[in-house]
Amino acid sequence: MENGKKIERLPLIPLRGLSVFPFMVLHFDVGRDKSIKALEEAMLRNQHIFLTAQMDIDVDLPVKEDFFQVGTVSKIKQMLKLPGDAIRVLVEGLYRAEILEIVGEEPYFEVDVRIRYDNEHEKDVETEAMMRTVLRTFERYVSVSTKVGPDVILSVSAIEDAGRFADVIASQLVLKTDEKQKIIEAYVPKERLQIIYEILVKEIEILEVEKQINDKVRTHINKVQKEYYLREQMKMIKQELGEENDLDDEIDEMLEQVRKLKLPKKIEEKIRKEIDRFSKMSSASAESNVIRSYVNWILELPWNKQTKDTLDLKKARRILDEDHYGLKSVKERVLEYLAVRQLTKSMKGPILCLVGPPGVGKTSIAKSVARSLNRKFVRMSLGGLRDEAEIRGHRRTYIGAIPGRIINGIKESGSKNPLFLFDEIDKLSSDFRGDPASALLEVLDPEQNKEFTDHYLEVPFDLSRVMFITTANSLATIPRPLLDRMEVIEISGYTEDEKVSIATKYLVPKQLKAHGLTDENISISEDAMHAMVNFYTRESGVRELERKIATVSRKAAAKIVEEDLPTLRVTKRNLDKYLGAPRYRYDEVGQTDQIGIVTGLAWTRVGGETLNVEVTPMKGTGKLVLTGQMGDVMKESARAGLSYIRSIAHQYDIPEDFYEKLDLHIHIPEGAIPKDGPSAGVTMATAVLSALTERPVDKFVAMTGEITLRGRVLPIGGLKEKSLAAKRAGIKKVLFPYENLKDLEDLPASVQKAITFIPVKNMDEVIAEALLPKETGHED
Ligand code: ADP
């Protein structure tokens with residue numbers, strides 16, 4: 001059939017947004033009345049229909065000018081009535097054709113068309129080359145396009161005929177109506193290929209740019225979402241493995257807490273990093289537990305929590321008095337501190353160091369200071385602490401590491417401004433594990449403690465709002481640099497009367513309450529309390545006494561319940577029913593004035609004590625025998641005393657060669673507490689002289705003082721404690737070094753009343769006061 005000669009008369013349907021190429025099978029829905037009529041007419045004939053595109057798809061009722069002249073003669077292959085009046089038709093494009101004449105417009109368009117077959121013979125080398133180029137380009141197009149599947153390439157490449165090849169490719173492309181029309185209007189395959197090639201190249205370019213844009217957008221989104229996806233995946237994996245799925249809740253909670261804490265930026269960063277590490281770990285691993293407890297440590301510290309100080313002086317004083325008897329200087333100092341705080345609003349305060357024997361209330365007054373200031377209280381005993389890590393913690397790399405006791409205390413207190421008590425700061429020791437004293441120094445130094453860094457925590461914690469108080473039994477062993485930082489307040493032991501007062505006002509009520517008793521159930525008489533002080537306890541403080549009172553209360557409670565007694569009376573006489581036989585016996589003043597026995601006064605860590613020095617001369621060769629409880633210093637001072645006696649022997653009618661013919665035995669009876677020190681020098685010398693001269697010693701005299709070779713009496717410590725012991729033992733006269741005269745005013749009035757204190761400068765004065773004439777003396 002020659003191209004362009006054949007003419008066909010056919011019904012026409014204008015297509016909206018569609019173009020049909022030969023060999024293309026497609027379906028579309030027909031709804032317009034005119035088009036349906038055209039369809040029906042076509043079905044009545046040979047099912048051929050002329051399809052051409054409408055130029056403007058919005059036109060509902062097109063006239064002949066509204067559609068392109070060139071279209072495709074197609075065969076209707078199937079018709080399907082749709083709900084409503086529409087019909088779905090399946091058509092196959094057969095060949096191109098152009099309208100020669102519109103022969104009818106109603107009830108449907110009818111046209112005479114001139115058929116335009118492709119001319120297969122036109123396939124030349126150029127066309128062949130064109131086909132290959134287009135195929136390659138099409139391949140590229142497929143590779144960048146998401147709309148065409150790669151299998152199309154296979155079927156396309158199998159087509160020999162250039163025209164059909166072009167049409168099949170064209171039917172695969174998503175093109176605008178006028179582009180499609182251009183292809184349809186290209187009767188010569190080579191031209192058609194040319195057009196398709198140009199379109200492909202342009203499309204590829206567009207698609208590539210599009211892809212680039214997409215990629216950019218995608219990588220951006222990816223970055224944000226990647227972590228999320230990974231996390232989700234990890235969650236799934238962990239769930240699969242049956243590992244804790246509470247983990248995420250835990251992490252969420254951690255992060256929530258971090259948010260709430262409002263930590264300093266650096267610390268927050270650090271902790272977030274740790275939480276992040278934690279979230280990526282298997283929850284069963286050891287490492288994960290280490291991180292968990294680390295994070296929890298940080299989260300549980302009171303970074304921003306603190307109590308508000310009470311600055312009400314009256315109230316503070318009331319609380320201090322409520323809890324403690326006496327302790328005037330501590331109370332005053334605390335009130336001063338408060339007053340200064342109120343005036344200056346400064347946070348910095350002195351570090352108080354309470355020094356005194358055990359049981360005098362150092363710890364408990366500190367607790368009460370905390371209460372009066374409305375601060376939390378943390379106590380840390382430094383006794384025997386030798387490892388710096390106890391203060392500053394172990395590094396996390398250390399297995400089982402935890403923070404040091406400072407941070408621990410802060411955590412327990414739940415406040416960043418507690419009152420922190422370092423107990424027994426004089427018992428710090430240092431060895432190869434580092435120097436705890438210098439770590440402590442850092443803690444106490446207001447310049448450094450703002451940034452106190454625990455080895456475990458690794459991040460600084462501000463200790464500058466903490467109020468520090470320390471305690472010690474003696475100043476002697478406190479490391480000097482520490483001592484320099486502190487303001488020392490000495491608390492000395494209590495007198496018997498003071499102890500009884502403390503017991504009556506504080507300890508008894510406290511213990512009764514603790515044992516569920518009231519003073520209607522039980523009364524403890526005053527003489528019972530004196531007995532407890534004297535015969536059941538031996539101490540400067542009242543700790544033992546408190547324990548005894550606790551014992552009495554406990555036993556009394558049991559008795560009341562068992563025997564159904566209404567009231568119990570504890571007196572001196574029945575005290576042994578509660579406490580057993582008396583534990584201590586005081587060296588009370590002896591029955592008679594004796595030769596060679598002198599009462600000395602000693603100061604031990606539990607307070608003052610009397611000590612009896614006994615001297616017996618024996619025939620011998622001038623040896624000095626020292627027995628009993630004597631330290632080296634005491635032995636030295638015994639020798640010094642003896643030398644002095646030798647130098648004055650002639651004044652007292654002692655044979656000058658006594659030390660060649662006699663051995664002197666000096667004995668100090670064993671006591672509960674070892675004694676040492678030079679302050680028994682005077683006592684021993686006096687005893688020796690008494691023994692040699694056979695002059696008795698006044699049994700009401702006690703003495704204390706260091707002796708020089710020339711018989712000078714040097715000052716001693718602890719006069720208050722010693723005089724308390726003297727009073728207890730019934731001594732009436734105490735000889736003490738003149739240089740201690742200033743200490744006299746510190747002595748309790750009751751002691752001053754009971755005892756005559758005689759300051760002495762040298763041994764002559766001692767002898768004059770202590771030794772009685774031969775063969776005389778007090779008789780009982
Ligand atoms: P320290 O710390 O000096 O060794 P503590 O503070 O442990 O002594 O005191 C021991 C007990 O004696 C505590 O129960 C304390 O309340 C009580 N105590 C000590 N001194 C007094 C006092 N002056 N008034 C009331 N109670 C006291």
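Yes or no: segment 375-390 includes at least one residue that is touching a Lys or Arg at 6+ places or on another chain (Cβ under 9 Å), assigned to a loop (DSSP other than H, G, I, E, B) and over 18 Å from P479 (Cβ atoms). No, there is no match, as no residue in segment 375-390 is touching a Lys or Arg at 6+ places or on another chain (Cβ under 9 Å), assigned to a loop (DSSP other than H, G, I, E, B) and over 18 Å from P479 (Cβ atoms). For the subset of segment 707-730 comprising residues that are within 30 Å of E498 (Cα to Cα) and open to solvent by less than 10 Å² (accessible area, probe 1.4 Å), which member is farthest from the chain's Cα centre (by Cα)? Once the filter is applied, the top-ranked residue is A729.
Residues that are assigned to a loop (DSSP other than H, G, I, E, B), of a type outside the set (D, E) and crowded, with 21+ Cβ neighbours inside 10 Å within segment 416-455 comprise N417, P418, L428, listed in sequence order. Among the candidates D387, D321, D312, the residue that is more than 12 Å from the ligand (Cβ to nearest atom) and open to solvent by 50 Å² or more (accessible area, probe 1.4 Å) is uniquely D312. Close Cβ contacts (under 8 Å, 6 or more residues apart or on different chains) running from residues in segment 540-551 that are touching a residue at least 12 places away in the same chain (Cβ under 8 Å) and within 14 Å of T504 (Cα to Cα) to residues that are more than 6 Å from the ligand (Cβ to nearest atom) and charged (D, E, K, R) comprise V542/K499; L545/K499; L545/E539; E546/K510. If you go through segment 92-113 and keep only what is touching a residue at least 12 places away in the same chain (Cβ under 8 Å), open to solvent by 50 Å² or more (accessible area, probe 1.4 Å) and farther than 19 Å from L44 by Cα, you end up with just L100. Across segment 383-400, the number of residues qualifying as in contact (Cβ under 8 Å) with a residue 60 or more places away in the chain and over 23 Å from V466 (Cα atoms) comes to 2. Residues in segment 546-566 that are within 13 Å of the ligand (Cβ to nearest atom) and in contact with a His (Cβ under 8 Å, 6 or more places away or on another chain): A550 alone.
Note on segment 81-91: residues that are assigned to a strand (DSSP E or B), open to solvent by 50 Å² or more (accessible area, probe 1.4 Å) and touching a residue at least 24 places away in the same chain (Cβ under 8 Å) amount to 1.
Filtering segment 456-474 down to residues that are away from the ligand (no atom under 16 Å from the Cβ) and touching a strand residue (DSSP E or B) at 6+ places or on another chain (Cβ under 6 Å), which residue is most open to solvent (accessible area, probe 1.4 Å)? Please lay out each step first, then the result.
To start, the set of residues in segment 456-474 that are away from the ligand (no atom under 16 Å from the Cβ) comprises 456-467.
Retained after the next criterion (residues that are touching a strand residue (DSSP E or B) at 6+ places or on another chain (Cβ under 6 Å)): 460-461, 463, 466-467.
Working: P460: 43, F461: 3, L463: 1, V466: 14, M467: 9 Å².
Out of the qualifying residues, it is P460.
The residues of segment 685-706 that are part of a loop (DSSP other than H, G, I, E, B) and either more than 18 Å from K720 (Cα to Cα) or open to solvent by 10 Å² or more (accessible area, probe 1.4 Å) (or both), listed by number, are E694, R695, D698, K699, F700. Among the residues of segment 503-545, which ones are open to solvent by 40 Å² or more (accessible area, probe 1.4 Å), part of a helix (DSSP H, G or I) and either more than 16 Å from the ligand (Cβ to nearest atom) or closer than 18 Å to P358 by Cα (or both)? Y506, E526, D527, H530, F535, R543, E544 - these are the residues of segment 503-545 that are open to solvent by 40 Å² or more (accessible area, probe 1.4 Å), part of a helix (DSSP H, G or I) and either more than 16 Å from the ligand (Cβ to nearest atom) or closer than 18 Å to P358 by Cα (or both). P302 - would you say it is within 12 Å of the ligand (Cβ to nearest atom), crowded, with 17+ Cβ neighbours inside 10 Å, assigned to a loop (DSSP other than H, G, I, E, B) and not hydrophobic (A, V, I, L, M, F, W, C)? Judged against the criteria, P302 is not a match. Residues in segment 457-478 that are modelled with pLDDT of 90 or more and hydroxyl-bearing (S, T, Y) were compared, and the one that is nearest to R292 (Cα to Cα) is T470. Looking only at segment 731-750, residues that are of a type in the set (A, V, I, L, M) and surrounded by fewer than 22 Cβ atoms within 10 Å (Cβ to Cβ) come to 4 in all.
Looking at this structure, is T627 touching a Leu at 6+ places or on another chain (Cβ under 9 Å) and β-branched (V, I, T)?
Values: touching a Leu at 6+ places or on another chain (Cβ under 9 Å): no; β-branched (V, I, T): yes.
In short, no.
Table: residues versus (1) within 16 Å of L26 (Cβ to Cβ); (2) touching a His at 6+ places or on another chain (Cβ under 6 Å); (3) in a loop (DSSP other than H, G, I, E, B).
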{"position": "A53", "(1), (2), (3)": "yes, no, no"}
{"position": "V59", "(1), (2), (3)": "no, no, yes"}
{"position": "M79", "(1), (2), (3)": "yes, no, no"}
{"position": "G93", "(1), (2), (3)": "yes, no, no"}
{"position": "A97", "(1), (2), (3)": "no, no, no"}
{"position": "E101", "(1), (2), (3)": "no, no, no"}
{"position": "E106", "(1), (2), (3)": "no, no, yes"}
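Can you say whether A401 is within 30 Å of S288 (Cα to Cα), part of a helix (DSSP H, G or I) and open to solvent by 10 Å² or more (accessible area, probe 1.4 Å), as far as the supplied structure shows? Answer is no for this residue. Just one residue in the set L719, L709, L747 is touching a helix residue (DSSP H, G or I) at 6+ places or on another chain (Cβ under 7 Å) and in contact (Cβ under 8 Å) with a residue 60 or more places away in the chain; that residue is L709.
Residues in segment 330-358 that are open to solvent by 60 Å² or more (accessible area, probe 1.4 Å) and not β-branched (V, I, T): E332, E336, Q342, L343, K345, M347, K348.
The single condition among (1) within 19 Å of E191 (Cα to Cα); (2) out of contact with any helix residue (DSSP H, G or I) (no Cβ under 6 Å at 6 or more places or on another chain); (3) not acidic (D, E) that T137 does not meet is (2). Within segment 482-500, the presence of at least one residue that is in a helix (DSSP H, G or I), open to solvent by less than 10 Å² (accessible area, probe 1.4 Å) and away from the ligand (no atom under 16 Å from the Cβ) is confirmed.
How many residues, within segment 594-651, are touching a residue at least 60 places away in the same chain (Cβ under 8 Å) and in a helix (DSSP H, G or I)?
7
Any residue in segment 350-358 that is modelled with pLDDT under 85, away from the ligand (no atom under 15 Å from the Cβ) and within 32 Å of the chain's Cα centre (by Cα)? There is at least one residue in segment 350-358 that is modelled with pLDDT under 85, away from the ligand (no atom under 15 Å from the Cβ) and within 32 Å of the chain's Cα centre (by Cα). Only a single item in (1) in contact with an Asp or Glu (Cβ under 7 Å, 6 or more places away or on another chain); (2) within 22 Å of T471 (Cβ to Cβ) is not met by K411, and it is number (2). Restricting L200, L230 to those that are modelled with pLDDT under 80, assigned to a helix (DSSP H, G or I) and surrounded by 11 or more Cβ atoms within 10 Å (Cβ to Cβ) reduces the list to L230.
Tell me which residues, restricted to segment 359-375, are of a type outside the set (D, E, K, R), more than 7 Å from the ligand (Cβ to nearest atom) and open to solvent by 10 Å² or more (accessible area, probe 1.4 Å). Full working, then the answer.
Residues of segment 359-375 of a type outside the set (D, E, K, R): 359-361, 363-366, 368-370, 372-374.
Filter once more, so that each one left must be more than 7 Å from the ligand (Cβ to nearest atom): 366, 368-370, 372-374.
Scanning segment 359-375 gives a single hit, N374.
Mind listing just one residue for me: the one in segment 659-684 that is surrounded by fewer than 23 Cβ atoms within 10 Å (Cβ to Cβ) and within 20 Å of K619 (Cα to Cα) and, of those, modelled with the lowest pLDDT? If we take residues in segment 659-684 being surrounded by fewer than 23 Cβ atoms within 10 Å (Cβ to Cβ) and within 20 Å of K619 (Cα to Cα), then Y659 is modelled with the lowest pLDDT.
The values are calculated or read from the model by the stated rules, or taken from the named source; none is laboratory data. Being a predicted model, the structure only gives us computed values, none of them experimental. For neighbour counting, all protein chains shown are included, and Cβ atoms are generated from backbone atoms with ideal geometry for every residue, glycine included. Accessible surface areas use protein heavy atoms only, side chains included; no ligands, DNA or RNA. Shrake-Rupley method; radii C 1.70, N 1.55, O 1.52, S 1.80 Å.
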